[in-house]
Amino acid sequence: MSRLSERPDVAEVGKAIPHESAALHVTGQALYTDDLVIRTKDVLHAWPVQAPHAKARIVGMDVEPAYGVPGVVRVLTADDVPGVNDAGVKHDEPLFPDEVRFFGHAVCWVLGETLEAARLGADAVQVDYEPLPSLINVKEAIAAEEFQGAQPTVERGDVAGGLDGAAHVFSGEFEFSGQEHFYLETHCALAHVDEGGQVFVQSSTQHPSETQEIVSHVLGLRSSEVTVQCLRMGGGFGGKEMQPHGFAAIASLGSILTGRPVRLRLNRTQDLTMSGKRHGFHAEWRIGFDDEGMIQALEATLTADGGWSLDLSEPVLGRALCHIDNAYWIPHIRVSGRVARTNKTSQTAFRGFGGPQGMIVIEDILGRCAPQLGIDALELRRRNFYRSVDGVDQTTPYGQPVRHPERIAAVWDQVQESGDVLRRREEIATFNAEHPDVKRALSITPVKFGISFNLTAFNQAGALVHVYKDGSVLINHGGTEMGQGLHTKMLQVAATTLGVPLSKVRLAPTRTDKVPNTSATAASSGADLNGGAVKNACEQIRGRLEQVAANGLGVPAADIRFVDGEARAIGASGPGVAWDEVVRTAYFQRVQLFAAGYYRTEGLHWDSSVMRGSPFKYFAYGAAATEVEVDGFTGAYTTRRVDIVHDVGDSLSPLIDIGQIEGGYVQGAGWLTLEDLRWDESDGPLRGRLATQAASTYKLPSFSEMPPDFRVTLLEHAHEDGVVYGSKAVGEPPLMLAFSVREALREAAAAFGPVGTTVDLASPATPEAVWWALSEARRGHDTDHLVEGKPGAQPDLPDPEAPPRRPESEVEQVLLSEA
Ligand code: MTE
Ligand code: MOS
């Protein structure tokens, strides 16, 4: 067992404790960035001027009328930028654009004494636009061949040969929707400038170091002159990995120009219309199976709808390509990816980071093909799992061995057993036979998700741990808290490593002047990376204190153990020495009581030019069984019961992990079943406008969508060697457990038709989409979109002249045309 993963007998990690801020969250005392505004004197408020075109040249801008509005202090335009006019790392995101690239694009910002003054000032700014032709959806972009960034391919084996030799070959096409983050706290930054011209920005950011870099380059300052602090976020979900930078830069620029603190907080509509979302994708595929249903070969092209700029689209696409296999061994495979450039918000990271978009493709394929192969989808999935062959783990398409492949079958079998799946499926069959207009179904889907940043350099972290003379401990680390419980876990790690009670350890907010050059808190790796760094810092201090205690007790340092706030010599029966006492002695002996910790993940390599390597430290596994009931008259459905078995290694904090699993599942179910982003695709004046720009039209999962019977179990005996205290990351993987609800809806819809009906289900599977699917099932086999044929047969693409398969309802027509 590695030193990093070895857990002492007495440990704070592994205890089921509440989130460190739970009481503050529920009483409203927890401070978020915008709560600092009322504690700050002379704050100016920022409001954007948003363009009313999907694409347009800005031919004139008159800001003078804004200054006529009482309370307007300053209008910020491109001329004010002392450094680089760009909000991104790819230099394709002008902070103040001269060409509008999406409906709602901010072209300048107004600062006012009050938010209302800024809003009225923004209204008064006169902008002349020359509208340009735009591309709104991914198919338009594909037709126009409008792509951006790299076009990678993951490839292994002989795809043509594999398809040629396959007994059954299917092909199809699939387009699925993006997702709005809808974090409770919208984007927010509050900037100050001190007497030396140093900028201090409080920002709701998952990536303070990059926010710092962007603010620096916009202002023409060095990184050492800019400090970014993130107290906590009211949710990030990937939406604050790259998107906060420009907002922080605007606030900082305003602060430099006016000498006053500037606050920029988007209201919900601004956040929805300006900030990036999960990428929707288009996929085309061809797959071959043998007679037993074993996958022989897969060929696919994934096109991500990137929106107007690259942002994180390339790495999101990369992760999609690396997750199209999900839990399945695919001997011959070629998956190509590209990023479409459309006139929409710049789509970005969202929990799973492309993983869900890759995995949905294979899960959709298996769900659609199973009936045609005459194999139960449950059985088809299980047969194709990765495994060890003659003691050698099978490898992913990009060449990484799948370590512990037996855990895929283990979580699957456990959920099947604990969920009583086989018996319930029999009950469901009886129920369905008796109910022509209501159908139930129960599906299981697996998750295998790679943990680490694909980009190897990001897999490092730092921490700063202080022990004060009174024995109290203060920790800082590079990760940010967005509700996921990272800080709780870090407190537990520090207390465990130092051998002190949790109550002795406090945690200070994340800031770039404490721990520099941090990676985004993302890729679910926050606890792995920062936990390694916190542990390392604590070990340095503990090592020094062991020596101090050893001298006092007259034993070798190697015999000292800190347990529960006491130093004891192993085997000794007498009283130990209290932690506080050892610390005080150490101070007087002039022993350093603080340390900087560092951690880098070992054993990773990735070559993005050929898309090969071992980019992941390990894989997280899980399986979910979801039962649904669908109404045949309306397509409305309910989730009746969900069972999950998920692998978090040896949990650092079981309550936190179970919360992450429940929340991830529900958020995934939202993406797959409810949340329906609609953009105006008409040729009218509102082309490109986000039609669903409020909670009234964008349906989020809420308590009423929580499965009434929700059973989450952590896989036991799941120690992960080489990760902090034997744990595994948990943040993103559970989102993908929600594929089970989508597959259950597909099977329930199919149950309205004859046995063996293949159902093509839109994503999101809204009640309307489910109704279309079950209506087709009632009409018999649907084969228009799933063609069996030998390789060489053209995929059966929908006829562009044909009426839409999912006609817009009248209500939506009204919505799209509303002013
Ligand atoms: N949980 C809550 N409550 N809020 C969030 O914003 N973000 C998710 C996940 N869980 C998120 C969350 C995402 S996208 C990631 S990458 C991880 O948390 C990041 O935190 P971690 O690395 O500490 O797991
Ligand atoms: Mo999470 S999408 O990696 O922030």
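On the stretch given as the range 227-259, residues that are more than 16 Å from ligand 2 (Cβ to nearest atom) and touching a helix residue (DSSP H, G or I) at 6+ places or on another chain (Cβ under 8 Å) total 11. Please verify whether ARG544 is away from ligand 1 (no atom under 13 Å from the Cβ) and closer than 27 Å to PHE200 by Cα, treating the condition exactly as stated. No, not satisfied.
Given (1) more than 16 Å from ligand 1 (Cβ to nearest atom); (2) part of a helix (DSSP H, G or I); (3) of a type outside the set (A, V, I, L, M); (4) within 19 Å of the chain's Cα centre (by Cα), identify the lone condition not met by ASP676. Every listed condition holds for ASP676 apart from (2). Of the strands (runs of 3 or more DSSP E) entirely within the range 583-638, those holding at least 2 residues that are buried (at least 19 other Cβ atoms within 10 Å of the Cβ), in contact with a helix residue (DSSP H, G or I) (Cβ under 6 Å, 6 or more places away or on another chain) and in contact (Cβ under 8 Å) with a residue 60 or more places away in the chain occupy 594-600, 618-631.
For the range 1-27, how many residues are of a type in the set (A, V, I, L, M, F, W, C) and over 27 Å from the mean Cα position of the chain (by Cα)? Of the residues in the range 1-27, 3 are of a type in the set (A, V, I, L, M, F, W, C) and over 27 Å from the mean Cα position of the chain (by Cα). The single residue among VAL712, VAL741 that is open to solvent by 10 Å² or more (accessible area, probe 1.4 Å), away from ligand 2 (no atom under 16 Å from the Cβ) and closer than 19 Å to ARG640 by Cβ turns out to be VAL712. Only one of the listed residues (ILE360, ILE324) is part of a helix (DSSP H, G or I) and either crowded, with 22+ Cβ neighbours inside 10 Å or touching a residue at least 40 places away in the same chain (Cβ under 8 Å) (or both). That residue is ILE360. Taking strands (runs of 3 or more DSSP E) as the structural unit, those lying wholly within the range 151-212 and holding at least 1 residues that are under 22 Å from VAL37 (Cβ atoms) and in contact (Cβ under 8 Å) with a residue 60 or more places away in the chain correspond to 188-193, 199-203. The residues of the range 651-672 that are open to solvent by 10 Å² or more (accessible area, probe 1.4 Å) and within 26 Å of VAL628 (Cα to Cα), listed by number, are ILE658, GLY659, GLN660, GLU662, GLY663, VAL666, GLN667, ALA669. If you go through the range 416-443 and keep only what is more than 14 Å from LEU745 (Cβ to Cβ) and of a type in the set (A, V, I, L, M, F, W, C), you end up with VAL421, LEU422, ALA429, PHE431, ALA433. Can you confirm whether ALA141 is closer than 25 Å to LEU219 by Cβ and of a type in the set (A, V, I, L, M)? For ALA141, the condition - closer than 25 Å to LEU219 by Cβ and of a type in the set (A, V, I, L, M) - is not met. Quick check on my filter: what residues within the range 395-445 are open to solvent by 20 Å² or more (accessible area, probe 1.4 Å) and hydrophobic (A, V, I, L, M, F, W, C)? Within the range 395-445, ALA409, ALA410, LEU422, ALA429, PHE431, ALA433, VAL438 qualify. In the set ARG381, ARG403, only one residue is assigned to a loop (DSSP other than H, G, I, E, B), closer than 30 Å to ALA527 by Cβ and of a type in the set (D, E, K, R); that residue is ARG403.
Taking the residues in the range 549-566 that are open to solvent by less than 10 Å² (accessible area, probe 1.4 Å) and assigned to a helix (DSSP H, G or I) as candidates, determine which candidate is nearest to ligand 1 (Cβ to nearest atom). Per the criteria, the residue is ALA549. Can you tell me which residue in the range 691-721 is farthest from GLU662 (Cα to Cα), limited to those that are touching a strand residue (DSSP E or B) at 6+ places or on another chain (Cβ under 8 Å) and in a loop (DSSP other than H, G, I, E, B)? Per the stated criteria, the residue is ALA691. Could you please tell me which pairs satisfy a Cβ distance under 8 Å, a separation of 6+ or placement on different chains, a first residue in the range 218-247 that is more than 22 Å from LYS514 (Cα to Cα) and without any contact (Cβ under 8 Å) to a residue 12 or more places away in the chain, and a second residue that is within 16 Å of ligand 2 (Cβ to nearest atom) and open to solvent by 20 Å² or more (accessible area, probe 1.4 Å)? Nothing qualifies. Can you say whether ALA141 is touching a helix residue (DSSP H, G or I) at 6+ places or on another chain (Cβ under 9 Å), closer than 22 Å to ARG689 by Cα, open to solvent by less than 70 Å² (accessible area, probe 1.4 Å) and not in a loop (DSSP other than H, G, I, E, B), as far as the supplied structure shows? No: the conditions fail for ALA141. Looking across ASP271, ASP290, ASP311, ASP305, one residue alone is more than 17 Å from PRO397 (Cβ to Cβ), out of contact with any Ser or Thr (no Cβ under 8 Å at 6 or more places or on another chain) and either open to solvent by 10 Å² or more (accessible area, probe 1.4 Å) or touching a residue at least 12 places away in the same chain (Cβ under 8 Å) (or both). It is ASP290.
Looking at this structure, is ALA537 closer than 23 Å to ALA463 by Cα, away from ligand 1 (no atom under 16 Å from the Cβ), of a type in the set (Gly, Ala, Ser) and open to solvent by less than 60 Å² (accessible area, probe 1.4 Å)? Against the criterion (closer than 23 Å to ALA463 by Cα, away from ligand 1 (no atom under 16 Å from the Cβ), of a type in the set (Gly, Ala, Ser) and open to solvent by less than 60 Å² (accessible area, probe 1.4 Å)), ALA537 qualifies.
The values are calculated or read from the model by the stated rules, or taken from the named source; none is laboratory data. Because the structure is a prediction, the values reported are computed rather than measured. Cβ atoms come from the backbone with ideal geometry, glycine included; neighbour counts cover every protein chain shown. Please note that ligands, DNA and RNA were not included when accessible areas were found on the heavy atoms of the full protein model with its side chains. Shrake-Rupley method; radii C 1.70, N 1.55, O 1.52, S 1.80 Å.
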